[in-house]
Amino acid sequence: MNETPAYIKDTIVAAATPPGKGGIGVVRISGVDAEDIAAKIIGSLPKPRIATTATFMDPEGSPIDSGLVIYFPAPGSFTGESVIELQGHGGPVVMSMLVQAAVAFGARRAEPGEFSQRAFLNGKLDLVQAESVADLIESGTAQAVRAAHRSLTGAFSTAVDALSEKLIRLRLHVEAAIDFPEEEIDFLDDENLIKRLDDCQKQFEALKAQTKVGRILRDGFQVIIVGKPNAGKSSLMNLLSGEDTAIVTEYAGTTRDILREQIDLDGLAVELVDTAGMRDDPDVIEAEGIRRAREALRNADAALLIQDASLGDDQTDYDLPEALPVITLRNKIDVSADSPGVARANPIVLNVSAKTGAGIGALRQAIKEIAGYADAGVGAFTARKRHADALSDAEMHFAAGRSALEKNKAGELLAEELRLAQESLGTITGTFTSDELLGRIFSEFCIGK
Ligand SMILES: Nc1nc2c(ncn2[C@@H]2O[C@H](COP(=O)(O)OP(=O)(O)OP(=O)(O)O)[C@@H](O)[C@H]2O)c(=O)[nH]1
Ligand SMILES: [Mg+2]
């Protein structure tokens, strides 16, 4: 029995293990001809789902390698098609000869992400789950691994589906009322309806917060360090990263290039960016450094604005991007003799010393809070910008519908906006997705995934 949909007619092959040398290398074949091709390479088709030793042969009948073969008949495989895994020795030439043999027997080399794409098209994974396969592989911290795995096993999809289900029920309710005009007016004033709208609103907000953390887990959080020359920016970066990356001297204007260092704040992957100190009369090299610092500011998720507390309060206008969250650090409190930690709450100002490490615990906490990461960990799942965009799109329609109801008692507009909101949510899991979007998503995967 083969349930492969008619629109996937060919059979694909690729090395599933990364290029390079290793003990084992796996070549994966998926599609309608997988059985045929396997029988030609190893002589006969092995029993389903049993690891079987075999010799792998090229089209001339001479052995390439020997190893294990596993046969997953459709639909019980990752892709939902018949899949053959050849587990040979992990050398790049061995792998390429095995792929070549499969191609000679009728397979086509897989495009990037094509195995996952087939899994999606065959209903084995939704879009979020397929994307989380890639995210799991790319994860940079242990927390990111766990979060990607939660997305893979459906935690994110379930949350999206739950909200989507609520929107659908609400819309059906609204549409039913529209069909009975004599009851519509009562219905639109119904407190129950307002409660349900509030409930959806809350769920939108919760999902947005989770998605924000999910994006940070996947993409990391970039924190740029800015301030006047000599304020202690490089000292702070070295202290936070525990590395001696940046040169520190008593001369103002030491750092000119942008320096980057990855740190792991309890599972939050933070990229610190050290920059040239900002001042009005820089030399040519420093001026270029300041220009680069300004450019880097545009990509940052947050900024640490370092001041030298021993020189009194810094009143300079750094002209930081308006939406950028900023933590102001009054550094060198070992000299100014201020007490370490929170000096002001909102916007946050912390007293620290990059020399003694005083106040750095509070700084680490403040960065996590700004990232919305303080209580992450449990139950978090990974998410992408695409998901966040779709979610705000959905929320926008929801808000438009709600205001149409509240301002104009326009039940029909509400129903229509609810439908659009639900459609936007559907692009997250792939219920509503264009071929073009699918192509873009899967082409970012690597070959063999
Ligand atoms: N006493 C004291 N000195 C510090 C502290 N932090 C930095 N310094 C000193 O301040 C001087 C400048 O430090 P840097 O880290 O190079 O400062 P910067 O902001 O990177 O300077 P530029 O790269 O020139 O913009 C060095 O002599 C550091 O040792 C601190 O907390 N306490
Ligand atoms: Mg510096």
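The values are calculated or read from the model by the stated rules, or taken from the named source; none is laboratory data. Owing to the predicted nature of the structure, the values given are computational and were not obtained by experimental measurement. Neighbour counts are summed over all protein chains in view; Cβ atoms, including those assigned to glycine, are modelled from backbone coordinates with ideal geometry.
Does the range 200-221 include one or more residues that are out of contact with any Lys or Arg (no Cβ under 6 Å at 6 or more places or on another chain) and within 16 Å of ligand 2 (Cβ to nearest atom)?
First, pick out the residues of the range 200-221 that are out of contact with any Lys or Arg (no Cβ under 6 Å at 6 or more places or on another chain): 201-221.
Pick out the ones that are also within 16 Å of ligand 2 (Cβ to nearest atom) and you get none.
No, that holds for no residue.
Would you check if there is a residue in the range 249-267 being in contact (Cβ under 8 Å) with a residue 12 or more places away in the chain, more than 8 Å from ligand 1 (Cβ to nearest atom), over 26 Å from A147 (Cβ atoms) and among the hydroxyl-bearing types (S, T, Y)?
no
Tell me the helices (runs of 4 or more DSSP H) entirely within the range 372-449 that contain at least 1 residues that are of a type outside the set (D, E) and in contact with an Asp or Glu (Cβ under 6 Å, 6 or more places away or on another chain).
Per the criteria, 385-408, 411-429.
Collect the residues in the range 153-168 that are part of a helix (DSSP H, G or I) and in contact (Cβ under 8 Å) with a residue 24 or more places away in the chain, keeping them in residue-number order. Please lay out each step first, then the result.
Our first condition is that a residue be part of a helix (DSSP H, G or I); within the range 153-168, this holds for 155-168.
Across the range 153-168, the qualifying residues are A155, F156, S157, A159, V160, D161, A162, L163, S164, K166, L167, I168.
Suppose we filter the range 203-242 for residues that are crowded, with 24+ Cβ neighbours inside 10 Å, charged (D, E, K, R) and under 25 Å from R294 (Cβ atoms); how many remain?
Count: 1.
Just to check your reading of the model, which residue among D280, D301 is more than 16 Å from ligand 2 (Cβ to nearest atom) and under 32 Å from the mean Cα position of the chain (by Cα)? Before the answer, list the steps.
Numbers: D280 fails: under 32 Å from the mean Cα position of the chain (by Cα).
Criteria check complete, one pass: D301.
Failed condition for L172, given (1) without any contact (Cβ under 8 Å) to a residue 60 or more places away in the chain; (2) within 13 Å of ligand 2 (Cβ to nearest atom); (3) part of a helix (DSSP H, G or I), with all others met?
Going through (1) without any contact (Cβ under 8 Å) to a residue 60 or more places away in the chain; (2) within 13 Å of ligand 2 (Cβ to nearest atom); (3) part of a helix (DSSP H, G or I) one by one, L172 breaks only (2).
Limited to the range 228-248, what total is found for residues that are within 6 Å of ligand 1 (Cβ to nearest atom), touching a residue at least 24 places away in the same chain (Cβ under 8 Å) and of a type outside the set (D, E, K, R)?
6
Residue by residue through the range 301-319, note down the ones that are assigned to a loop (DSSP other than H, G, I, E, B) and either surrounded by 21 or more Cβ atoms within 10 Å (Cβ to Cβ) or at pLDDT below 90 (or both).
G312, D313, D314, Q315, T316, D317, Y318, D319
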